[in-house]
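Enquirer: What follows is a single structure, and I will ask about it in a moment.
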Amino acid sequence: MDSVGAGNLVKSNTENSTERNIERNIYLVGPMGAGKSTVGRLLAEALNLTFFDSDHYIEEITGVTIPYIFELEGESGFREREKRAIEALTAKEGIILSTGGGAILAEENRRQLSDNGIVIYLNVSPEVQYERVRFDNQRPLLQQDDPQAVLEALYLIRDPLYREVATYTAFSDNIPPKVVVSGIIESIVQNRSPLPEWLIGSDNR
């Protein structure tokens, strides 16, 4: 398996090569704290595509925050809104989409994502997740006595679903976002699977 150096943002033999190979939307899935929004914005900038975040999209459409939706409608109400958002966003062309951590729970969402684009699973350990999000009070599911235990439980449930829908899996625990972006672009442009060795964790299949 080939590997490349950090920071080598591939536009291999030109923009035309990139445009020819990036013919589909790119959707980022993974748990909270995986870096989906950061990686998504960098990908959009590098590929000259439009970035969307499904949670932000829902907030813009409703005019209220995600925590407020959870408080008013519960998780089930939010998930219904999320389905409608995923359906609308996957109908667009030329986008990078960062999805919410639980978006893959609905079979309909998984189908929409896999049918309409390239799906990147940003995998991160629950321990690193906790360090990244423990002070974020905008995460409704973490407003519990033991948020780390919640993250571990969610990981066990959701990891198989992320893998089910993923075209590529990138392990992002200790890898800078720009390096993750480089590996993703290189693999898509060169139509290579799996990702470079330095971008996949030992637990990836």
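Every number here is computed from the coordinates shown, using simple stated rules; none is lab data. These figures come from a predicted structure and were not determined experimentally. Ideal geometry is used to build each Cβ from the backbone, glycine not excepted, and the neighbour counts take in all protein chains shown.
Enquirer: Taking the DSSP beta bridges in segment 21-199 as the whole, what percent of them are antiparallel, to the nearest 5? Write down the numbers at each step before the final one.
Expert: Working: 0 of 16 bridges.
If I count the DSSP bridges inside segment 21-199, around 0 percent turn out antiparallel.
Enquirer: Now a separate question. Got a sec? How would Thr169, Thr65 order by Cβ neighbour count within 10 Å, fewest to most?
Expert: In increasing order of surrounding Cβ atoms, one gets Thr65, Thr169.
Enquirer: A follow-up question, please. Can you tell me the dipole magnitude for segment 21-199 around its Cα centre, using point charges on the Cβ only (Lys, Arg +1; Asp, Glu -1), in Debye to the nearest 20?
Expert: Here the size comes out at about 440 debye.
Enquirer: Let me ask something else. Would you mind computing Rg(Cα) / (2.2 N^0.38 Å) for segment 21-199, counting N as its residues?
Expert: Numbers: Rg = 15.5 Å, N = 179, 2.2 N^0.38 = 15.8 Å.
Here the answer is 0.98, to two decimals.
Enquirer: If you don't mind, there's one more thing I want to ask. What residues qualify as long-range amide H neighbours of Val119, i.e. H under 5 Å apart, gap of 5 or more or another chain, H built at 1.01 Å from N?
Expert: So Val119 has HN proximity to Tyr27, Thr167, Tyr168.
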